[in-house]
Amino acid sequence: MNVSDALNSRTSVRAFLEKPVPGEVVKDILLGASRSPSGGNLQPWHVWALGGQELARFKALMAERIKISPMGEQPEYNIYPPELKEPYRSRRFKNGEDLYRTIGIPREDKAARLNQLAKNCIFFGAPVGLFFAIDRQMEPGQWADLGMYMQSIMLLALEKGLSTCPQEAWALWHKTVAEFIGLPSHLMLFCGMALGYMDREHPINRLRADRADPSEFMTIRGF
């Protein structure tokens, strides 16, 4: 698979097969992604991978925590700006509507929407769960580096026939995640990522999020 095909075919998958992913494959992906660029070669990313019995233990813990606090914990950062302006607000709204439409959940069915949202907490059934953290000393430039590391993981996963779903929703559970993985206090949890084999029969995976017209973000001058 070439880079163009990988970029064009990558999508956030929200239903996975139970088929396990070998630990060596996970390790190869995480290691290969470490060639991602970073300013000053700081390599500011930190990643944890859970699978097998460890992932099962974590899911069991999450099941108990959700009973106590269904909406999660207060995140340490704003996942989206508090007053999201246009055109970003409309893009986010449309993406949500398109997603729930694939599985036949109308906007007024709040219970069903919350149930789907809760599937974040089981990594949408993926056999591998990843968590990403960054040193609290770091600035926006290093957060961008972490994002590039994650993008590399997603593309390398495709090369190996795997799919992913980056999940900022895990920021809502940073205390529980930190407790389970033993996250040092000087690191901040950014997000998680589901990794596994796509369930190609599930309707939610038919979503193909649209992209803005180039005139909205692209300026080319001088040639």
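Checked against a 28 Å cut-off, the cross-linked pairs 94/119; 19/119; 27/85 give Cα-Cα distances beyond that limit for 27/85.
Grab the other residues whose beta carbon is less than 13 angstrom from that of residue 157, score K and R as +1, D and E as -1, and report the net. Charge balance in the 13 Å sphere: +1.
Using Cα centres only, tell me the gap between the stretch 178-223 and the stretch 1-52 in whole Å. When both Cα centres are located, 12 Å separates them.
Loop-located chymotrypsin sites (Phe, Trp or Tyr not before Pro) in the stretch 1-80 (DSSP state other than H, G, I, E, B) with a sparse environment of at most 11 neighbouring Cβ atoms within 10 Å: 77. Ranking 164, 11 from most to least accessible surface, computed with a 1.4 Å probe over the protein chains only, gives 11, 164. Surface exposure of the stretch 146-223, expressed per residue as accessible area with a 1.4 Å probe, stands at 53 Å².
Tell me whether the stretch 10-79 comes out rounded, prolate or oblate; compute the Cα gyration tensor, take square roots of the eigenvalues as a ≥ b ≥ c, and use a/c under 1.5 as the rounded threshold. It is oblate, given that a/c is not under 1.5 and a/b is not larger than b/c. Highest average first, the peptides 131-137, 182-188 ordered by how many other beta carbon atoms sit within 10 Å of their residues are 131-137, 182-188.
Annotation note: GluC sites (Glu not before Pro) in the stretch 80-131 located in DSSP loop regions with a Cβ neighbour count of at most 13 within 10 Å are 83, 108. Sites listed here are trypsin sites (Lys or Arg not before Pro) in the stretch 16-120 whose DSSP assignment is loop and whose Cβ has at most 14 other Cβ atoms within 10 Å: 35, 85, 107.
Using the Cα gyration tensor of the stretch 21-138, with a ≥ b ≥ c the square roots of its eigenvalues, what is the shape: rounded (a/c below 1.5), prolate (a/b larger than b/c) or oblate (neither)? Oblate, since a/c reaches 1.5 and b/c is not below a/b. Taking only protein heavy atoms and a 1.4 Å probe, the accessible area of the chain is 54% carbon and sulfur.
Let me know the shape class of the chain, please: from the alpha-carbon gyration tensor, a ≥ b ≥ c as square roots of the eigenvalues, rounded when a/c is under 1.5, otherwise prolate if a/b is greater than b/c, or oblate. In terms of gyration-tensor shape, rounded. Can you spot the aspartates and glutamates whose alpha carbon is less than 19 Å from residue 160's alpha carbon? Ignore those fewer than 8 places along the same chain. Hits, sequence-local ones excluded: 5, 18, 24, 28, 199.
On a per residue basis, the stretch 39-110 carries 72 Å² of accessible surface, using protein heavy atoms and a 1.4 Å probe. In the chain, helical runs assigned H by DSSP with n ≥ 4 each contribute -39500 (n - 2.57); averaged across all residues and rounded to the nearest 500, the mean residue ellipticity at 222 nm is -12000 deg cm²/dmol. With both labels modelled 7 Å from their Cα along Cα-to-Cβ, the residue 217 to residue 6 distance reads 1.9 nm.
Among 181, 68, 103, the residue with the largest mean-square fluctuation in a Gaussian network model of the chain, with springs joining Cα atoms closer than 10 Å, is 68.
The values are calculated or read from the model by the stated rules, or taken from the named source; none is laboratory data. Only a predicted model underlies this, so the values are computations on that prediction, with no experimental measurement involved. Glycine also receives a Cβ, built like all others from the backbone with ideal geometry; neighbour counts cover every protein chain displayed. Just so you know, the surface numbers come from the protein's heavy atoms only, side chains and all, with ligands and any DNA or RNA stripped out. Shrake-Rupley method; radii C 1.70, N 1.55, O 1.52, S 1.80 Å.
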